[in-house]
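Peer 1: To start, I am sharing the structure in question, which I have written as structure tokens.
The values are calculated or read from the model by the stated rules, or taken from the named source; none is laboratory data. Only a predicted model underlies this, so the values are computations on that prediction, with no experimental measurement involved. Ideal geometry is used to build each Cβ from the backbone, glycine not excepted, and the neighbour counts take in all protein chains shown. Ligands, DNA and RNA are excluded from the accessible area calculation, which covers all protein heavy atoms including side chains. Shrake-Rupley method; radii C 1.70, N 1.55, O 1.52, S 1.80 Å.
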Amino acid sequence: MAVLSKIRKRSGLLLLAIGFALLAFVVQDLFTKGFKSLSKDVGSINGKDVTFEEFRVKVANVEKNGQGTTATQAANQVWDQEVAIALLTKEFEDLGIRTGRNHIIEVLKSDPNIGQNPAFLNQLGKFDIKKFDAFFNSNPEQAKMLKDREKDADLSSKYQIYSTLLKGGMYTTTAEGKYKYEAETNKVDFDFVTVLYSSVKDSDVKVTDADITDYMKKHEKRFKSDGSREIEYVLVEDKPSAKDEEEVKNKVAALLDQKVEFRDGKSDTIPGFKSATNIAEFVANNSDKPYDTTYVTKQQLPAQFADALYNLPTGEIYGPYIDGKYYCLSKSMGKKANAKVKASHILISWEGTKVPNKKEKRTKEQAKAKADALLAQAQANPTSFMMLALTNSDDSSAQQGGDLGYFGPNQMVKPFNDFAFGNPVGKIGLIETEFGYHIVNITDKQDAVRLATVAQKIDPSEATTNEAYTKATKFEMDANGKDFAAVAKSAGLVVNAPVKAKPMDENFGNVGNQRQIVKWAYDKETEIGNVKRFEIPNVGHVIAKLKKVNEKGLMTVEEAKPMVEMTIKNELKAKKILAKMKGSSLDAIAKANATGVQIANGVSLENPLLPIVGAEPKVVGTAFGIGANKISAPVEGIAGVFVVKTRTITKAPKLAKYDDYVNRLKGNAAQAASRALPALKNDANIEDNRLEFY
């Protein structure tokens, strides 16, 4: 009791001591992690912060609405949207772009749920703004939702104006049309001598890492990098052993015959697959896959066992056999003639049918007339059916020549189903459904079998799983601070090629979505050479090593090398070749380089192809520029170094108008808007902190 009394008297001091210890722990944690957990912003775009709370809500909405979308994918999608909106909004403000309610309504009307909503249409079937306003005035909850839609519509309408301004700024002049015409039509005849880069051995020039770095610095925008982490890894699979497979095989084989079990002092006979009378119940009780009553064609059966299963007499059993990750027994429940039909069709719809992408607007009468005409053509020449479908059908199957593949009973709407199963192969006819008129061509029919299959999954046993865990854990400990490849080799494991992971990547090598590994590699406490084991459900264990850290800025030399090495090599080769490209005539230059003089006739700037060599726009441009009977200075082209002597230049006759050429160039203006955002991003100051949250 005395001890308890002392403890009670000093409890205040004890709590205070614990409090100080906890505070010290928290403070230490804050300093080691750099206060990153207190960050409130996911990032900033040109100084405008993106708060995590607002960002999180948007990400959650994308995850909820996008089936199968992961948190990382949603975060990437929302971030791209935030960047685009911030950059474009600033552009709208700088340009003074404003929109009114009419602009917003026009954007809203483009949504069929609004523009074609019967509640908002007048007697003529046209959108009625008064009905629209009245509806939302009397529905406050709906009006709140409309506010968010209006914000999006406001941005959309401003972007439409912005796009129009960009296209307007990309005006194509008559002078540009004239230049386009002359580039196509002016011709030059010239002689030339070339020494190809390929004539200099690669071993005679050496491209250093410094050369590649210098090249990247001269073209920084082309070689920007967000940084990456190089992670090498070993995979210890948790997969069934040969012993596990054998055990499952024996277990499945034991289901064939009946067996006697003793329960409560009595013997009980359990029927086997051979003698079971209630097959559905037997499969349900013994299979990892449900009982399937559908008929399947030979093509739908496992290829290796298709012949045996398809030709299995009714009541007979085949197996055990392996199908994927399952050991199976299959019992034939019978065969059905013409169970599957293959058909092609041409769909001709009309206004009002349930077809979203009609090739042309037409009434039902017009659709019938067109369908009758196509039916006559198809019946007269069945081999033309594919082309008729490709060029006329309103269905997405048009791209496959109308081919719908094989289908079973009642998979199509009733009129289509009845025609397909009620007529022989080769029959071409016309039917009407809710989608329109179909010209149907029955191209094949197949018999099918129904199989009752007991399938048991081949999973690793507990002993096998424990063995994989032990092996992976031992490797993790052995590899820490040692030669990763050497330890892997001694353990009989393979080191996979390094994965270059960017901050917001989630896919990792051959093991799919493993965001946890990428996050670990980017953690401030993870250092080069660190090793860590990750357990991957249904796969096994990944033991990863952080091999290299590539900081944000320029690409690494290894990344840029495949892109620039050949260009730099050719520049170095050009220096060697230039020293020999001297002489008072082409013949002299050709002789000095052990080559000949070649001829190019009728070459244009638009099509600058030279015999044997290929496209050389810089060389052809030089030939046009130096004038007749003059020899150029050496020109570093795409394939080699050239010297040219122009013989004749044939100018194109002048045209009264260049409208055709102007119109052809105008197509480039349509792409102006799509090029604007990447350009804005390139010049923006964007800070991305998503890694701290996702």
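Peer 1: Give the residue that is most open to solvent (accessible area, probe 1.4 Å), with candidates limited to residues of the stretch 59-90 that are within 22 Å of K158 (Cα to Cα) and either free of Cβ contacts under 8 Å to residues at least 60 places away in the same chain or among the basic types (K, R) (or both).
Peer 2: Looking at residues that are within 22 Å of K158 (Cα to Cα) and either free of Cβ contacts under 8 Å to residues at least 60 places away in the same chain or among the basic types (K, R) (or both), I get K90.
Peer 1: Out of the residues in the stretch 585-602 that are in contact (Cβ under 8 Å) with a residue 12 or more places away in the chain and open to solvent by 50 Å² or more (accessible area, probe 1.4 Å), state the one that is farthest from F192 (Cα to Cα).
Peer 2: A592
Peer 1: Is one or more of the residues making up the stretch 150-170 open to solvent by less than 20 Å² (accessible area, probe 1.4 Å), out of contact with any Gly (no Cβ under 6 Å at 6 or more places or on another chain), at pLDDT below 95 and not hydroxyl-bearing (S, T, Y)?
Peer 2: Yes, the stretch 150-170 contains a residue that is open to solvent by less than 20 Å² (accessible area, probe 1.4 Å), out of contact with any Gly (no Cβ under 6 Å at 6 or more places or on another chain), at pLDDT below 95 and not hydroxyl-bearing (S, T, Y).
Peer 1: So which of L309, L374 is touching a residue at least 40 places away in the same chain (Cβ under 8 Å), outside any strand (DSSP E or B), within 39 Å of the chain's Cα centre (by Cα) and more than 30 Å from I439 (Cα to Cα)?
Peer 2: Being touching a residue at least 40 places away in the same chain (Cβ under 8 Å), outside any strand (DSSP E or B), within 39 Å of the chain's Cα centre (by Cα) and more than 30 Å from I439 (Cα to Cα) holds for just one of L309, L374, which is L309.
Peer 1: Further question: Quick check, is V613 crowded, with 17+ Cβ neighbours inside 10 Å, under 32 Å from the mean Cα position of the chain (by Cα) and at pLDDT below 95?
Peer 2: No, not satisfied.
Peer 1: Moving on. Would you pick out the residues in the stretch 91-121 that are acidic (D, E) and open to solvent by less than 40 Å² (accessible area, probe 1.4 Å)?
Peer 2: D111, the sole residue that qualifies.
Peer 1: Could you tell me whether K289 is open to solvent by 40 Å² or more (accessible area, probe 1.4 Å) and free of Cβ contacts under 8 Å to residues at least 12 places away in the same chain?
Peer 2: no
Peer 1: Got a sec? Which of Y326, Y310 is surrounded by 18 or more Cβ atoms within 10 Å (Cβ to Cβ) and within 30 Å of G426 (Cα to Cα)?
Peer 2: Being surrounded by 18 or more Cβ atoms within 10 Å (Cβ to Cβ) and within 30 Å of G426 (Cα to Cα) holds for just one of Y326, Y310, which is Y310.
Peer 1: Still on this structure, I have one more. Give K582, K666, K575 a once-over and let me know the one that is assigned to a helix (DSSP H, G or I), surrounded by fewer than 16 Cβ atoms within 10 Å (Cβ to Cβ) and without any contact (Cβ under 8 Å) to a residue 60 or more places away in the chain.
Peer 2: K575
Peer 1: Can you tell me which residue among V494, V511 is in contact (Cβ under 8 Å) with a residue 12 or more places away in the chain and under 25 Å from the mean Cα position of the chain (by Cα)?
Peer 2: After applying the criteria, what remains is V511.
Peer 1: Sticking with this one: Is it the case that the stretch 339-357 has a residue that's more than 15 Å from I442 (Cβ to Cβ), in contact (Cβ under 8 Å) with a residue 40 or more places away in the chain, charged (D, E, K, R) and buried (at least 18 other Cβ atoms within 10 Å of the Cβ)?
Peer 2: Within the stretch 339-357, not a single residue is more than 15 Å from I442 (Cβ to Cβ), in contact (Cβ under 8 Å) with a residue 40 or more places away in the chain, charged (D, E, K, R) and buried (at least 18 other Cβ atoms within 10 Å of the Cβ).
Peer 1: So, one more: Identify, by number, the condition in (1) within 24 Å of E182 (Cβ to Cβ); (2) surrounded by fewer than 14 Cβ atoms within 10 Å (Cβ to Cβ) that L605 doesn't meet.
Peer 2: It is condition (2) that L605 fails.
Peer 1: Do any helices (runs of 4 or more DSSP H) entirely within the stretch 96-178 hold 3 or more residues that are more than 38 Å from the chain's Cα centre (by Cα), and if so, which?
Peer 2: Output list reads 129-137.
Peer 1: Considering each residue of the stretch 618-656, count those that are of a type in the set (A, V, I, L, M), open to solvent by 60 Å² or more (accessible area, probe 1.4 Å) and in a loop (DSSP other than H, G, I, E, B), and give that number.
Peer 2: Going through the stretch 618-656 one residue at a time, the tally reaches 4.
Peer 1: Among the residues of the stretch 44-54, how many are open to solvent by less than 50 Å² (accessible area, probe 1.4 Å) and either without any contact (Cβ under 8 Å) to a residue 40 or more places away in the chain or at positive phi (or both)?
Peer 2: Qualifying residue count, the stretch 44-54: 1.
Peer 1: Output the number of residues of the stretch 447-467 satisfying the condition of being open to solvent by 30 Å² or more (accessible area, probe 1.4 Å) and out of contact with any Pro (no Cβ under 8 Å at 6 or more places or on another chain).
Peer 2: The number of residues fulfilling the criteria is 9.
Peer 1: Only one residue in E565, E551, E559 is of a type in the set (D, E), surrounded by fewer than 14 Cβ atoms within 10 Å (Cβ to Cβ) and within 29 Å of the chain's Cα centre (by Cα). Which one?
Peer 2: E551
Peer 1: Does N513 fit the bill of being at pLDDT below 95 and either surrounded by 17 or more Cβ atoms within 10 Å (Cβ to Cβ) or polar (S, T, N, Q) (or both)?
Peer 2: Yes; evaluated as a whole, the condition is true for this residue.
Peer 1: Right, here's the next one. Restricted to the stretch 522-569, and to residues that are out of contact with any strand residue (DSSP E or B) (no Cβ under 8 Å at 6 or more places or on another chain) and of a type in the set (S, T, N, Q), which residue is nearest to E467 (Cα to Cα)?
Peer 2: Out of the qualifying residues, it is N538.
Yes or no, residue by residue, for (1) farther than 30 Å from E351 by Cα; (2) of a type in the set (A, V, I, L, M, F, W, C); (3) modelled with pLDDT of 95 or more:
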residue: V413; (1), (2), (3): no, yes, no
residue: E434; (1), (2), (3): no, no, no
residue: D447; (1), (2), (3): yes, no, no
residue: Q456; (1), (2), (3): yes, no, yes
residue: F475; (1), (2), (3): yes, yes, yes
residue: A497; (1), (2), (3): yes, yes, no
residue: K500; (1), (2), (3): yes, no, no
residue: M504; (1), (2), (3): yes, yes, no
residue: G509; (1), (2), (3): yes, no, no
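Peer 1: Against the condition touching a Leu at 6+ places or on another chain (Cβ under 9 Å) and either modelled with pLDDT of 90 or more or at positive phi (or both), how does E636 come out, does it pass?
Peer 2: Against the criterion (touching a Leu at 6+ places or on another chain (Cβ under 9 Å) and either modelled with pLDDT of 90 or more or at positive phi (or both)), E636 qualifies.
Peer 1: Something else about it: I want to confirm something. Restricting to the stretch 377-398 and keeping residues that are among the polar types (S, T, N, Q) and more than 30 Å from the chain's Cα centre (by Cα), which single residue is most open to solvent (accessible area, probe 1.4 Å)?
Peer 2: T383
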